[in-house]
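Worksheet for the structure shown next.
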Amino acid sequence: MASSPHASLLDIAPVVPVVVIADASDAVPLARALVAGGLPAIEVTLRTPAAPDAIRAIAEEVPDAVVGAGTVITPGQVRESVAAGARFLVSPGWTDVLLEAMRGSGVPFLPGVSTASEVVALLERGVREMKFFPAEAAGGTAYLKSLSGPLPRARFCPTGGIGAGNAPEYLALPNVGCVGGTWMLPADAVAARDWGRVERLAREASRLRLRAQV
């Protein structure tokens, strides 16, 4: 990413928290807890009306966070997210229209794929970094491992069905840079605004790459 010391979004941290925010007032303390736990790349999904305001608040008030927008599926959402301060974009899938909008946004992006053909199509278009979604349902680590031989240029952020237990298996793969997940954001902790618990879980998640190397 041009605005960070990292060459790639996939190299910022081993885990990208996938955040669904119902109340924009939770955005800043939640983001601060994740950053304090060692997970600065935060994907705020566009699944709630509060998402744009949440992205804006994090961008303005948590300078150490690298906040992005997830579940981006239209060019309009691309524009809205970048205007709110998103520093990267993630989509569950892609079309040429959406890809053109994300490419023109000026920020890094991870288009979603779940098949070899989709990966090849993106490589043809000069895109090497992708979201693999839904990871477990689409074949999990076995599928990604099978892609690494014929398609070594592609790198992935698998998301969907990944937790603390299986994340190290993904992170051990040569074509996986990071994983996305929600397990460091238990619904009861967020509802209770127990940001200390979120920070502890984020810290544990930030160390998963070490487990993957054992």
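Applying the condition of being in a helix (DSSP H, G or I) and small (Gly, Ala, Ser) to the stretch 144-166 and asking which residue is surrounded by the fewest Cβ atoms within 10 Å (Cβ to Cβ) yields Ser146. Taking (1) surrounded by 15 or more Cβ atoms within 10 Å (Cβ to Cβ); (2) aliphatic (A, V, I, L, M); (3) at pLDDT 95 or above in turn, Ala192 satisfies each apart from (1). Within the stretch 130-143, the set of residues being assigned to a loop (DSSP other than H, G, I, E, B), small (Gly, Ala, Ser) and more than 22 Å from Phe88 (Cα to Cα) comprises Ala137, Ala138, Gly139.
Does Glu169 satisfy the condition of being out of contact with any helix residue (DSSP H, G or I) (no Cβ under 9 Å at 6 or more places or on another chain), farther than 16 Å from Glu43 by Cα and not polar (S, T, N, Q)? Criteria not met by Glu169.
Being loosely packed, with under 15 Cβ neighbours inside 10 Å and assigned to a helix (DSSP H, G or I) is the filter here; which residues of the stretch 108-119 pass it?
Ala116, Ser117
Taken over the stretch 179-190, the criterion of being in contact (Cβ under 8 Å) with a residue 40 or more places away in the chain and either assigned to a loop (DSSP other than H, G, I, E, B) or closer than 15 Å to Val15 by Cα (or both) is satisfied by Val179, Gly180, Gly181, Thr182, Met184, Leu185.
For every residue, the table says whether it meets (1) surrounded by fewer than 21 Cβ atoms within 10 Å (Cβ to Cβ); (2) more than 12 Å from the chain's Cα centre (by Cα).
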| residue | (1), (2) |
| --- | --- |
| Leu34 | no, yes |
| Leu39 | no, no |
| Ile42 | no, no |
| Asp64 | yes, yes |
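When Ser114, Ser91, Ser146 are checked against the criterion of being over 14 Å from the mean Cα position of the chain (by Cα) and touching a residue at least 24 places away in the same chain (Cβ under 8 Å), a single residue qualifies: Ser114.
Residues that are closer than 20 Å to Pro111 by Cβ number at least 2 in the following helices (runs of 4 or more DSSP H) confined to the stretch 1-89: 51-61, 75-84. With respect to being of a type in the set (Val, Ile, Thr) and outside any loop (DSSP other than H, G, I, E, B), Val127 falls outside the description. Per the listing Glu204, Glu169, the residue uniquely part of a helix (DSSP H, G or I), touching a Ser or Thr at 6+ places or on another chain (Cβ under 9 Å) and of a type in the set (Asp, Glu) is Glu169. Just one residue in the set Val198, Val176 is more than 26 Å from Ala24 (Cβ to Cβ), β-branched (Val, Ile, Thr) and touching a residue at least 24 places away in the same chain (Cβ under 8 Å); that residue is Val176. Taking the stated definitions as given, is Ala83 in contact with a helix residue (DSSP H, G or I) (Cβ under 7 Å, 6 or more places away or on another chain) and either closer than 29 Å to Ala154 by Cα or modelled with pLDDT of 95 or more (or both)? Here the answer is no, as Ala83 does not meet what is asked. Considering Ser91, Ser105, the condition of being over 22 Å from Asp194 (Cα atoms), surrounded by fewer than 23 Cβ atoms within 10 Å (Cβ to Cβ) and in contact with a Lys or Arg (Cβ under 8 Å, 6 or more places away or on another chain) is satisfied by Ser105 alone.
The values are calculated or read from the model by the stated rules, or taken from the named source; none is laboratory data. Please read these numbers as outputs of a predicted model, since none were measured by experiment. Virtual Cβ from ideal backbone geometry, glycine too; neighbours counted across all protein chains shown.
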